Amino acid sequence: MFVSRLPIVTALVLSIAALPAFAAPPRPTAKKAEPVAKPAPKVAAAADQAKTAPKKEAAKPAAAPAAAAAPAAGTAPAAGADGTQPAEGAVAADGTPVAAPAPPPPPKPGHVIIMSDADGLVAEVAGALHGLKKGSNRFEVKAGDYKITVKTKKGALVGTYPASVKPEGEASVSVVTVGTVVLSAQDGSSLEIDGKKVAAADGKASKTLPAGSYSVVVKRPGYFGTKGKLAVVAGKTHTIDPALEQFKSNNKNLAWAGIVGGGSLVLAAVLMEAFTDAGTAGGDATRWSLMGLGTAGFVGGTIMMKQIIKKENNPPVRPGTIKAKISLAGKGARLAVRF
């Protein structure tokens, strides 16, 4: 009988065992659920204030959280709206100090090269004085625009020269203190400067001189010499173009008269001695008189002519005007100037 009731008992036990599974909620698993993040106090406070504030106040946009506006830690803050960089000692929103940007490196220097045609000059470059030697003179300066002043050791101004120097660049300045005087000597002309004759070569009398005023004498055979002042400009060539007056001696005819007349009288005395009797035409007294007068006239005329020829070859000098054409050294004449 017990055996016959065994299926019923088994079914009852299984039913009782399965009853809690349907009645109780499922048991929690071993995995722990993540806690729900609580709202930040400022956000919650802002939400409560928005509820209690008037409608006009609610219309204003809520301020963004400070954390959203602040830059991330370890990054440099962005420049301002006007492009300015943060000043030294600035602090980021998270409290970290911000390093000021490094200043740009200074521009690299350049050089001024002064080419001088003489020694003993002094140049003022960027407020400093430098002695110049003949040739190339090189000075290091900061990049920029300069006005270089060059003087003699005695303080006389030679000139001022502009120079623009770029970083790692060079600016060249040429200092010229002398000028050149030239005279064509192909027609026998000669040139004297301050009483000293200038030697001619290749048909030209040429002299290089420091800038200044000089006494110049120009001569030509058969013409009056001209003496005047010439201002020599540094870096220029002065080609003298003389306008000389022809030399004419009033005593030249008198000299010719003495030579021709005296020679004629001497010839007449010789002919009388050769072809007439001693007692005719006044005798020996006449012949000797003709001979004496003729000789004196011929000798006197010859001496006078010699002096005249000497003056023509070296004519007298008179004050006058020296004309010259001025041009850049080594180039053709461009401008005629009277001194």
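The values are calculated or read from the model by the stated rules, or taken from the named source; none is laboratory data. Keep in mind the model is a prediction, meaning the values are calculated, not measured. Cβ atoms come from the backbone with ideal geometry, glycine included; neighbour counts cover every protein chain shown.
Some observations on this one:
- Segment 253-293: number of residues that are in contact with a Leu (Cβ under 6 Å, 6 or more places away or on another chain) and assigned to a loop (DSSP other than H, G, I, E, B): 0
- Total residues in segment 230-252, condition assigned to a strand (DSSP E or B) and either over 20 Å from Leu328 (Cα atoms) or not assigned by TED's automatic domain parsing to the domain that holds Ala185 (or both): 1
- Looking at segment 126-223, the strands (runs of 3 or more DSSP E) lying wholly inside it that each contain 1 or more residues that are free of Cβ contacts under 8 Å to residues at least 40 places away in the same chain and of a type in the set (Asp, Glu) sit at 135-141, 144-152, 190-193.
- Being at pLDDT below 85 and not assigned by TED's automatic domain parsing to the domain that holds Val158 is a property that Ile326 lacks.
- All of Ala296, Ala268, Ala234, Ala255 fail the test of being surrounded by 14 or more Cβ atoms within 10 Å (Cβ to Cβ), touching a Gly at 6+ places or on another chain (Cβ under 9 Å) and under 30 Å from Val158 (Cα atoms), apart from Ala234.
- Residues located in segment 214-231, provided they are buried (at least 21 other Cβ atoms within 10 Å of the Cβ) and basic (Lys, Arg): Lys219
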